[in-house]
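This report concerns only the one structure given below.
Values quoted throughout were computed directly from the atomic coordinates according to the rules given, and no laboratory measurement underlies them. Keep in mind that this is a model prediction, so the values were computed, not measured. Neighbour counts are summed over all protein chains in view; Cβ atoms, including those assigned to glycine, are modelled from backbone coordinates with ideal geometry.
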């Protein structure tokens, strides 16, 4: 059980993570997809910043070793191993972390140490499974980045592979929860003597009983919590205590635990999201050094004069210098409680009172467009699904308020990764944006569509039902606000197709919001990135 101690920048602490604009014409840097833009916010605007990055562990490998041999709630890993065992190591897919981590990835660090212990115990029946759930399969190159070439060379493709939620021979039905939720799981995992799960908890939504039942589950299981009713009953997906989604996963986790022996390893990362030449994004403008200003000027100058497609390739090449901030191992629930403490230590910001208007820039990446494009549905999910839910207590924006996003919103899709998204956007959203209607009328046909299933199983496509889940994910935020406005989108048509509004500039968007809420409506700008989670009191 190893955590890094909280460490804050004294200058930043003195000014606070929540403060108010005092001067007119004060400019702020906004993420806007594959660009960064300067915008002026009116005096009185509340600024919410992310906490400073906690320090990384001085010796990550030693911390991992200590966690494995001093676990929570169970015997040390080495004491659980014996010759001839069948062991499966499952791990999070490429949706985490964001952006991808500089080598060595924390999954490589953990799995290399675990493999050495298995070899020392005389165990050679070992499989490594990417817990993709209904996400797309990872490519060999992506696996090499996450695990290193040695592991891939030794295990790929016969003993290192992606979970296939639609392989009838590879799935086992374990039963139902006390509320009738179907629990299905990967056969290899179920039939193993020990399942070791290696997790990255970048945000508080991940990990715990969401790892195995979801990551190694099927559509028949996921449909019980990835649905409109369950997501609407949740009060922040980032606060598991009040998330119906997580309560369902916990019930499924208890069923899984009756059939599978699980050793959970969870890791947390600090906030070092940007490489050295982009560290200005971790700072307030007034704290920029001369180097920060020079880096920003050069970065913006290049991005502003390059097509978005070129910028996208550059952003996809960025690898983050995250450091391991905590690692815990053992029984799933005991481990996850410690993990959550560390995640909240990195991300939580106390904010007093809700805002009438919330302004936020959206970055170029979300969990579902790694090495791909952010299509309009993913933009909606990132803004109203993820960013809206980064709260504990109450949402940052009040019910009936206005949400303003900065993002280019291109009318573009990746046909390899997101084929069902294209049809969802063209066929479903042209008829209705109502999630309940969409779920009842269209979900089943997309989930069972042979073309989408083929692309999911043997190509690199997300499951046919995936765009539905992304749309449901943003439904609560969609219904929470009176208006959702995107500033200067590349495709106003795409914005309108999703039921939102477009404004030519941020001042115009603020004027539209005031038309609805009044001239004295309060404004809060939540700076993203890096990630922060508001505890609204």
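Rounded to the nearest 10 degrees, what's the angle between the helix 435-447 long axis and the longest principal axis of the chain, both from Cα atoms, 0 to 90?
That helix lies at roughly 40 degrees to the long axis.
Stretched out fully, how many nm does the piece from residue 415 to residue 159 gain, at 0.36 nm a residue minus the Cα gap?
My answer for the length gained is 89.3 nm.
Note the angle between two axes, namely the Cα long axis of helix 506-517 and the longest principal axis of the Cα atoms of the chain, as a number of degrees from 0 to 90, rounded to the nearest 10.
Between helix and principal axis, roughly 90 degrees.
Taking the 0 to 90 degree range and rounding to the nearest ten, how far is the long axis of helix 290-304 tilted relative to the main principal axis of the chain, both from C-alpha atoms?
Roughly 90 degrees between the two axes.
Helix-only mean residue ellipticity at 222 nm, the chain, DSSP H runs n ≥ 4 weighted -39,500 (n - 2.57), per residue, nearest 500. What is it?
On the way: 21 runs with 185 residues, N = 537.
Value at 222 nm, helices only, nearest 500: -9500 deg cm²/dmol.
For residue 82 and residue 22, what is the calculated FRET efficiency with R₀ set at 56 Å and r taken between the beta-carbons, to the nearest 0.05?
For residue 82 and residue 22, the calculated efficiency is 0.25.
Between the stretch 351-374 and the stretch 407-426, what is the C-alpha centre distance in whole Å?
Spelled out, the Cα-based centre of one part sits 18 Å from the other.
What is the extension gain from residue 352 to residue 444, computed as 0.36 nm multiplied by their sequence separation minus the C-alpha to C-alpha distance, in nm to one decimal?
Values: separation 92, 0.36 × 92 = 33.12 nm, distance 4.29 nm.
Full-extension gain reported as 28.8 nm.
Arrange 405, 344 by Cβ neighbour counts within 10 Å, fewest through most, would you?
Fewest-to-most Cβ neighbours within 10 Å comes out as 344, 405.
Assuming R0 = 60 Å, what is the FRET efficiency of residue 318 and residue 430, from their Cβ-Cβ distance, to the nearest 0.05? List each step's numbers first, then the result.
On the way: r = 35 Å, r/R0 = 0.59.
Between residue 318 and residue 430 the formula returns 0.95.
Taking the C-alpha atoms of the stretch 60-269, how large are the radius of gyration and the largest Cα-Cα span, Dmax, in Å?
Both quantities, over Cα of the stretch 60-269: 16.5, 49 Å.
Please work out the FRET efficiency for the pair residue 482 and residue 233, using the Cβ-Cβ distance as r and a Förster radius of 22 Å; give the result to the nearest 0.05.
Efficiency for this residue pair is about 0.50.
Under a plain spin-label model, where a point goes 7 Å from the Cα along Cα-to-Cβ, how far apart in nm are residue 191 and residue 38?
About 6.4 nm separates the two model spin labels.
Over the chain, what is the mean sequence separation of C-alpha contacts under 8 Å (at least six apart), divided by residue count, expressed as relative contact order in percent?
Reported relative contact order: 20 percent.
At 0.36 nm per residue, minus the direct Cα-Cα distance, what do residue 278 and residue 305 gain on full extension? Give it in nm, one decimal, please.
Residue separation times 0.36 nm, minus the Cα-Cα distance, leaves 7.9 nm.
Given the stretch 60-269, what percent of its DSSP beta bridges are antiparallel, to the nearest 5?
So the antiparallel bridges amount to about 20 percent of the total.
Rounded to two decimals, what is the ratio between the C-alpha radius of gyration of the stretch 243-314 and 2.2 N^0.38 Å?
Against the empirical 2.2 N^0.38 Å value, I get 1.96 for the stretch 243-314.
Based only on other Cβ atoms within 10 Å, what is the fewest-to-most ordering of 126, 404? Provide the component values of the computation, followed by the final result.
Details: 126 20, 404 26.
Fewest-to-most ranking of 126, 404: 126, 404.
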